[in-house]
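> There's a structure below that I have some questions on.
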Amino acid sequence: MTRLIFLGPPGAGKGTQAKILSEHCEVPHISTGDILRTAVKAGTPLGRKAKGYMSAGELVPDDLILDLVRERLSQEDTVNGWLFDGFPRNVEQAEFLSELLAEIDQTCAVVINLEVPDDELVSRMLARGRADDKEDVIRNRLEVYRAQTEPLITFYRAQSLLVSVDGNQPLDTVSETLHKIVQRDGTAEVKEV
Ligand code: AMP
């Protein structure tokens, strides 16, 4: 039973590593960013509401995200575990998740914090070339991360769930480190708090 959260600044390689780890653990990779981008592309009501925030590098309002997450966790494929990537993004979302998990009798095993220095983040994002990877938007996303998402490090450290991993290493090295933290049976070793 693997249930885990991926934290980390934009451009840290969260998406790539989360996908690899979710396949390794055989649990769904739930990226709120991917779900939103799909909704924007499809022009759904959610996508239309989220689009402006995303292209400015701002967080999409909590009510939209919380509905989306509640709905996703009600789907059958999440009963044996999940890996959240890009959620929660602020303390309100984290508190909502704790309450939701208590309601459905689940617990998160570990929160992985991928650490990468700022200058490396910017060059990785510029190389990626996503629609919201323009330099001013990147700068804003980093500021939003510092102000709203970084406090989650303290939040989860206080619950002894946090493990920090050096993300400024070759992709395979980071993957191996993550595999060691999360055993295949889903028991997570929280060593570094
Ligand atoms: P990501 O793919 O995780 O970098 O997310 C891309 C964009 O989607 C972010 O810059 C936000 O605008 C939006 N987004 C993704 N996840 C969330 C979330 N949990 N809360 C609010 N906005 C989000």
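The values are calculated or read from the model by the stated rules, or taken from the named source; none is laboratory data. Quick caveat, the model's predicted, so the values are computed rather than measured. So basically every Cβ, Gly included, is an ideal-geometry build from the backbone, and we count neighbours across all protein chains shown.
> What is the one condition in (1) more than 8 Å from the ligand (Cβ to nearest atom); (2) under 15 Å from the mean Cα position of the chain (by Cα); (3) not aromatic (F, W, Y) that G52 does not satisfy?
It fails just one condition, (2).
> Name the residues in region 1-38 that are modelled with pLDDT of 95 or more, surrounded by 21 or more Cβ atoms within 10 Å (Cβ to Cβ), within 11 Å of the ligand (Cβ to nearest atom) and assigned to a helix (DSSP H, G or I), would you?
Within region 1-38, A18, T32, L36 meet the criteria.
> Could you tell me which numbered condition S164 fails, if it satisfies all but one of (1) surrounded by 18 or more Cβ atoms within 10 Å (Cβ to Cβ); (2) in contact with an Asp or Glu (Cβ under 8 Å, 6 or more places away or on another chain)?
(1)
> I've got another one for you. Go through (1) within 14 Å of the ligand (Cβ to nearest atom); (2) over 14 Å from the mean Cα position of the chain (by Cα) one by one and return the number of the condition Q148 breaks.
Only one criterion is unmet by Q148, namely (2).
> Here is a follow-up. Restricted to region 98-119, and to residues that are in a strand (DSSP E or B) and of a type in the set (V, I, T), which residue is nearest to V79 (Cα to Cα)?
If we filter region 98-119 for residues that are in a strand (DSSP E or B), which is where we start, we get 110-115.
Applying the additional criterion that residues be of a type in the set (V, I, T) yields 110-112.
Working: V110: 17, V111: 19, I112: 21 Å.
Checked region 98-119; the qualifying residue nearest to V79 (Cα to Cα) is V110.
Rundown of residues vs (1) charged (D, E, K, R); (2) touching a Gly at 6+ places or on another chain (Cβ under 6 Å); (3) within 16 Å of L4 (Cα to Cα), yes/no style:
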position	(1), (2), (3)
L97	no, no, yes
A102	no, no, yes
R124	yes, yes, no
K134	yes, no, no
Q148	no, no, no
F155	no, no, yes
G167	no, yes, no
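> Find all pairs meeting these conditions: Cβ atoms under 8 angstrom apart; at least six residues apart or on different chains; first residue within region 164-179 and assigned to a loop (DSSP other than H, G, I, E, B); second residue small (G, A, S).
What qualifies is G167/G8; G167/A12; G167/G13.
> Name the residues in region 55-78 that are of a type in the set (A, V, I, L, M) and within 7 Å of the ligand (Cβ to nearest atom), would you?
Initially, region 55-78 is screened for residues of a type in the set (A, V, I, L, M), giving 56, 59-60, 64-66, 68-69, 73.
Those that are of a type in the set (A, V, I, L, M) and within 7 Å of the ligand (Cβ to nearest atom): L59, V60, I65.
> Quick one: in region 42-60, of everything that is free of Cβ contacts under 8 Å to residues at least 12 places away in the same chain and under 26 Å from E143 (Cβ atoms), which residue is surrounded by the fewest Cβ atoms within 10 Å (Cβ to Cβ)? Lay out the reasoning, then the answer.
Step one: list which residues in region 42-60 are free of Cβ contacts under 8 Å to residues at least 12 places away in the same chain, which gives 42-45, 47-48, 51-53.
Those still in the list that are under 26 Å from E143 (Cβ atoms) too: 47-48, 51-53.
Values: G47: 17, R48: 12, K51: 18, G52: 10, Y53: 16.
Among them, the one singled out is G52.
> Here is a further query. Report, by residue number, each residue of region 75-97 that is assigned to a helix (DSSP H, G or I) and either surrounded by 15 or more Cβ atoms within 10 Å (Cβ to Cβ) or in contact (Cβ under 8 Å) with a residue 24 or more places away in the chain (or both). Give the steps one after another, and end with the answer.
Step one: of region 75-97, the residues assigned to a helix (DSSP H, G or I) are 76-78, 91-97.
Answer for region 75-97, where residues must be assigned to a helix (DSSP H, G or I) and either surrounded by 15 or more Cβ atoms within 10 Å (Cβ to Cβ) or in contact (Cβ under 8 Å) with a residue 24 or more places away in the chain (or both): D77, T78, V91, E92, Q93, A94, F96, L97.
Here's the yes/no breakdown for (1) aliphatic (A, V, I, L, M); (2) under 15 Å from the mean Cα position of the chain (by Cα); (3) under 30 Å from A127 (Cβ atoms):
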| residue | (1), (2), (3) |
| --- | --- |
| I5 | yes, yes, yes |
| I20 | yes, yes, yes |
| D34 | no, yes, yes |
| R37 | no, yes, yes |
| V91 | yes, yes, no |
| D105 | no, no, no |
